[in-house]
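Derivation of every value follows stated rules applied to the coordinates shown; laboratory data play no part. All figures in this text were calculated on a predicted structure; none of them were measured in a lab. With ideal geometry, Cβ positions are generated from the backbone for all residues, glycine too; neighbour counts draw on all protein chains shown.
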Amino acid sequence: MTLGNSDGASPTWSADGRQIYFAPNSNELRGIYVKAADGSGEQREVLKLERSLVGALVLTASPDGKYLAYVMLSPEAGSNIYTLYTLELNGEGKPQPFLHFPAREFAPAFSPDSKWLAYESNRSGRNEVYIAPFPGGGAEYQVSTSGGERPAWRRDGKQIYYREGLRMMAVEVNAKARPIEFGSPKELFELAAANLNGRYYDAGPDGRFLANSSPNTTRAQSFSLVVNWPARLKK
């Protein structure tokens, strides 16, 4: 998909599956680009970023094909603060901050109907998963109860997945209720992985998970070095 000096961070499928958006962060390219999923044609610039800014991270596209969401380091708030932005694809191409909290916001994820946006934030002092109506924003609802990060939606929109420590959790969601209702978080399985950047897992339409893993611990191994072993064979 990407060649030469163009890296391809944060790839995400377009709504129709025909294109892939990505966010290179190299000296030559910095911003958001799109290219045909079959690799044909040239990549096209969607959003250009200043070289002084860290490129868009954890890029995701809305299922209705109208928006992109991503996070960037906020130059005003300091090097440890990420801000969540949205970009209307058929608009004037000007990104808009989705939230206005002085906190780290990360890992945006659109609901299957594109009416909600899930994300993680550390405004409470630790990472928790929240959702808010989209695109209007407004009311926010906390999904996780004991810490949470890297949210993702089940394909029917009735569950939200996230990680709590090493555990993959699921929360039932009733978006038709007024106000929206959530079930209690339930553990699905343990993912033996260190804290990896980006969204390192996804859930398929058939309910299976695909994930990167990085062992937290390495088993101690011992080796014996035997010298002059031919002489020992003669004994």
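Data table
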read-out	value
Sites matching GluC sites (Glu not before Pro) across the range 107-182 that sit in DSSP coil, with at most 12 neighbouring C-beta atoms within 10 Å	none
Radius 12 Å from Cβ of Ala69, net charge of other residues (Lys, Arg +1; Asp, Glu -1)	0
The range 80-156: equivalent-ellipsoid semi-axes (sqrt of 5 x gyration tensor eigenvalues, Cα, Å)	20, 16, 10
Sorted by Cβ density within 10 Å, fewest first, the residues Phe223, Phe106	Phe223, Phe106
Proxy reagent accessibility, fewest Cβ within 10 Å first, across Thr2, Thr83	Thr2, Thr83
Dimensions in Å of the range 56-233 - Rg and Dmax from alpha carbons	20.8, 83
Sequence of Tyr67, Tyr130 once ranked by neighbouring C-beta atoms within 10 Å, starting from the fewest	Tyr130, Tyr67
